[in-house]
Amino acid sequence: MRVPAQYTITQPLRDQMVKTLALEGVKNKSVLDVMGALPREIFLDLGFRSDAYKNSALPIGESQTISQPLVVAIMTEALQLEKSHKVLEIGTGSGYQAAILSRLVRRLFSIERHPSLSQVAVKRFESLGIFNVVTKVGDGTLGWAEQAPFDRIMVTAASPKAPRSLLEQLTVGGILVIPVGDPAGDMQMLMRYTRTETGFEEKSLGPVRFVPLIGAQGVPEAR
Ligand code: SAH
């Protein structure tokens with residue numbers, strides 16, 4: 001990753017953000033290091049850049065949001081990533097979460113349903129010298145069968161339940177992290193599914209709030 005020199009100016013804000021994340025209980029050093037190095041403002045429109053280091057979700061266009069840094073950190077940590085992993089992300093959005101994942105694993109595949117968001121995210125990856133992210137526009141609830149199986153899958157939008165296709169595209173030992181619950185409700189539960197030889201182990205990781213996962217195995221698209 002090449003971070004342009006002009007972003008040195010916001011380094012103290014990132015250092016402060018990382019301290020806060022650690023105080024909130026984020027322990028994984030690689031996750032904290034990457035979040036401390038990657039300028040979040042790059043993933044925001046000009047009007048929101050001054051809010052980049054507040055611990056809040058922010059609009060990114062198409063009525064979508066970039067998640068708050070603490071949620072990004074918790075979800076990334078929950079994936080228990082290794083450098084050798086092949087990972088799938090559903091909901092490229094601004095590209096912030098994807099950029100973080102890309103620094104921690106071998107290759108990231110990321111699917112976004114809004115072409116405009118995907119295009120902007122790809123430009124951001126290029127400008128940062130990130131070359132191990134492969135993107136596509138489409139319905140991520142179906143996964144990416146041609147590239148499966150994945151060691152890890154992260155869904156950054158809320159679904160009534162974990163899409164069957166995504167569970168099926170995990171390796172044995174693979175982990176899916178996804179917000180599950182009524183996407184129209186106030187809160188969903190962040191869930192972790194680990195594939196075993198015989199089925200799936202499930203663990204809830206705490207309440208979160210996400211935009212809906214819209215697609216064939218998520219929330220039906222409004223007509
Ligand atoms: N990871 C993003 C979060 C964006 S919000 C970031 O770091 O900025 C969730 C994103 O999921 C939105 O961009 C939304 O358009 C997208 N999304 C919702 N349903 C989807 C689906 N079925 N397939 C792919 N993307 C989807």
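Screening the candidates Ala98, Ala162 for the property of being within 14 Å of the ligand (Cβ to nearest atom) and under 14 Å from the mean Cα position of the chain (by Cα) yields one hit, Ala98. When region 101-123 is filtered for residues that are open to solvent by less than 40 Å² (accessible area, probe 1.4 Å) and more than 15 Å from the chain's Cα centre (by Cα), only His114 remains. Restricting region 45-70 to residues that are touching a residue at least 24 places away in the same chain (Cβ under 8 Å) and farther than 20 Å from Arg113 by Cβ, the residue that is surrounded by the fewest Cβ atoms within 10 Å (Cβ to Cβ) is Asn55.
Out of the residues in region 136-152 that are more than 10 Å from the ligand (Cβ to nearest atom) and surrounded by fewer than 20 Cβ atoms within 10 Å (Cβ to Cβ), state the one that is nearest to Leu81 (Cα to Cα). Within region 136-152, the match that is nearest to Leu81 (Cα to Cα) is Pro149.
Look at (1) more than 9 Å from the ligand (Cβ to nearest atom); (2) assigned to a loop (DSSP other than H, G, I, E, B); (3) not basic (Lys, Arg) and you find that Gly93 fails only one, number (1). Condition test on Ser110, is it assigned to a helix (DSSP H, G or I) and touching a strand residue (DSSP E or B) at 6+ places or on another chain (Cβ under 8 Å)? So Ser110 does not fit the description; no. Among residues of region 162-174 that are open to solvent by 10 Å² or more (accessible area, probe 1.4 Å), those with a Cβ under 6 angstrom from a residue that is among the aliphatic types (A, V, I, L, M), sequence gap 6+ or separate chain, pair up as Ala162/Ile178; Ser165/Leu142; Gln169/Ala148.
Kindly establish whether Lys29 is within 19 Å of the chain's Cα centre (by Cα) and loosely packed, with under 12 Cβ neighbours inside 10 Å. I'd like the intermediate steps shown before the answer.
Details: within 19 Å of the chain's Cα centre (by Cα): yes; loosely packed, with under 12 Cβ neighbours inside 10 Å: yes.
So Lys29 passes the test.
The values are calculated or read from the model by the stated rules, or taken from the named source; none is laboratory data. Given the structure is predicted, the values throughout are model-derived calculations rather than measurements. Note that each Cβ is placed from the backbone with ideal geometry, even for glycine, and that neighbours are counted across all protein chains shown. Please note that ligands, DNA and RNA were not included when accessible areas were found on the heavy atoms of the full protein model with its side chains. Shrake-Rupley method; radii C 1.70, N 1.55, O 1.52, S 1.80 Å.
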